[in-house]
Amino acid sequence: MKGVLATDRRGVRELGAEELVGWDEVTQGVVLNSFDIELENVAHIPPEERPYSDFNSYTATVASWRVIKPVYNRDICIDCQNCWVWCPDTSIISRDKQMLGIDYDHCKGCGVCVEVCPTNPKSLLMFAEAEDPEAALAKWPEKKKKEKK
Ligand code: SF4
Ligand code: SF4
């Protein structure tokens, strides 16, 4: 697929690449392979080690759009995987059903992961993009007590 007139090394604009072709200049009818190896061999490779083709959106970062970001608190997390299931951008990093953190290259800061986190307090909270993670953890709220009826 390397010779196809298509967006060459899409997503590397922020790295300073020149003479890139826009999405509306892609030749109609072509198939853009997501990986440089056969698809059936990809599933067993961790996402960050997969041989992405130049056309895969994984090579694009949307981090510069974000104005708020989720911060993860390992001490409270129960590894329920809710955030991993619901994240619309596949930006929750999980291995063997253990939550490892957030892929900040692809997270767009939508806050869905925080909404679905069931712990008390939540194990993910939204903070300003510029917030230092350690400072965010120091501000974490206490467990809320149940209100007496
Ligand atoms: S803020 Fe949105 S995109 Fe980012 S990890 Fe959470 S659910 Fe995914
Ligand atoms: S939803 Fe919350 S408790 Fe569940 S894995 Fe994600 S961070 Fe951990």
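Readers should treat all values here as calculations from the given coordinates under stated rules, not as data from a laboratory. Bear in mind the structure is a predicted one, so any value in this text is a computation, not a measurement. Positions of Cβ are generated from backbone atoms using ideal geometry, with glycine treated the same way; all protein chains shown enter the neighbour counts.
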Review point. Cross-link list LYS108/LYS143; LYS69/LYS146; LYS69/LYS122; LYS108/LYS145; LYS97/LYS139: which exceed 23 angstrom alpha carbon to alpha carbon?
Key: LYS108/LYS143; LYS69/LYS146; LYS108/LYS145; LYS97/LYS139
Study note, to complete from the structure: For 120-128, 97-105, ranked highest to lowest by mean beta-carbon neighbours within 10 Å, the order is 120-128, 97-105
Revision key, fill the gap. Once Lys and Arg are counted +1 and Asp and Glu -1 for all other residues with Cβ under 11 Å from that of GLY101, the total becomes +1
Check your understanding: Where in the range 52-149 are there GluC sites (Glu not before Pro) that are in a DSSP coil and have at most 10 other Cβ atoms within 10 angstrom of their Cβ?
Key -> GLU142, GLU147
Exercise for review: Obtain the nm distance between the two label points defined at ILE93 and LEU39 by a simple spin-label model: each point lies 7 Å from its Cα along the Cα-to-C-beta direction.
Suggested key: 2.7
Study note, to complete from the structure: Quick note on ARG50, ARG66, ordering by fewest other C-beta atoms within 10 Å, gives ARG66, ARG50
Point to revise | Ordering of 41-49, 87-95 by packing [mean C-beta count within 10 Å, highest first] | key: 87-95, 41-49
**Study point:** Residue order, fewest to most surrounding Cβ atoms within 10 angstrom, among TRP84, TRP140
**Key:** TRP140, TRP84
